[in-house]
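Structure first, then comments.
The values are calculated or read from the model by the stated rules, or taken from the named source; none is laboratory data. All of these numbers come straight from a predicted model, not from anything done at the bench. Using ideal geometry, Cβ is built from the backbone for each residue, glycine included, and neighbour counts are taken over all protein chains shown.
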Amino acid sequence: MATLEPEALARDSAPDEAGGPDPIAGPKGWKRRLEDPFNTFYRYPVALGITRLLVHTRITPNQVSLVQPIFAAAAGYLLTFDDFRAHVAAALLFETRSILDCVDGSLARAKKMSSPNGHAIDAMADWLGVVLLYAGIFHFVYHHPIPGVSPLAALGIVAIALLQGGLRSMAADYFKNKYLGIYERARDDVPELLREKLLGLDEYASPFARIDAWIMRNGHLLFELERFDPNRVRTLSAGEIEHMSREEHSTKTKLIGFLWSISSGDAFLSFVIVSILLDRLWQGQLFFATVGCVWIVLVVITNVAFIRSYRRART
């Protein structure tokens, strides 16, 4: 599930010939701290190798993004069968999609290709991939009854698991942008990012960009408890940001980073794939629909309280 990065350079515009390609590297600093461990220690090393092969070709980051739903659709189809071998193949196909999701970002940075529309395409490809995977999961639990659980109840449980996955993705993206701005650039980036997104929505804006802005605006409403007004948005003050930066390496700040590394949308998908490989697809969905819901709500509350504690400290 994609994260909007302020520095993200984007997609399918011409590379900067004067400066040449950027070094091929994975996430660093706070972005690395907030990454799903599967991304950090496994997917990015593989993705960077693929990026090195693609950087001197005509293949663009958008093309890499748009091929991902094909792998997700194949994975979802294989999950419709009551055959563990088909499920293993589905997990491997979706894992390929997840690696490519790391490739498109690293390729965009390496080729210096950027545009807000490119990020929106990446985000929508991610969401489409999740929907296609879950279409297979919905089909499986409905047509292969779970002992003691009616088909409709099983569908409801899977739907709740998917919704909490969506909340994880939206919340992780929002707070990642917040922390990347505060700890790496000493500013509250989120309001300006959202302002730019909304002001950039003219009659020619793509549906992808409109959906991306809608998601981020609703995230602001949910996590800041205010409707976004470009002219009156509340931001962290310079003093509050300085206070937070001084405690960047404190135990509580490190805990916040760790919580998101295991609570993001990417982490959710990693756990889903692990449950499929362990032949525990249903148990995994039941876990996310119960414990997972409580977990992500507590993580969001913890992050809201963490940021507000610095606001109170300056009043």
Practice task
Return the total of residues in region 92-142 being within 30 Å of LEU152 (Cβ to Cβ), of a type in the set (Val, Ile, Thr) and either modelled with pLDDT under 95 or under 17 Å from the mean Cα position of the chain (by Cα) (or both).
Solution key: 2
Practice task
Tally the residues that are more than 13 Å from PRO230 (Cβ to Cβ), assigned to a helix (DSSP H, G or I) and more than 17 Å from the chain's Cα centre (by Cα), restricting the search to region 182-209.
Solution key: 6
Completion exercise
Considering region 210-242, residues that are aliphatic (A, V, I, L, M), in a loop (DSSP other than H, G, I, E, B) and in contact (Cβ under 8 Å) with a residue 40 or more places away in the chain, and then whichever is surrounded by the fewest Cβ atoms within 10 Å (Cβ to Cβ), we arrive at VAL233
Completion exercise
Filtering region 85-120 down to residues that are surrounded by fewer than 24 Cβ atoms within 10 Å (Cβ to Cβ) and of a type in the set (Val, Ile, Thr) yields VAL88, THR96, ILE99
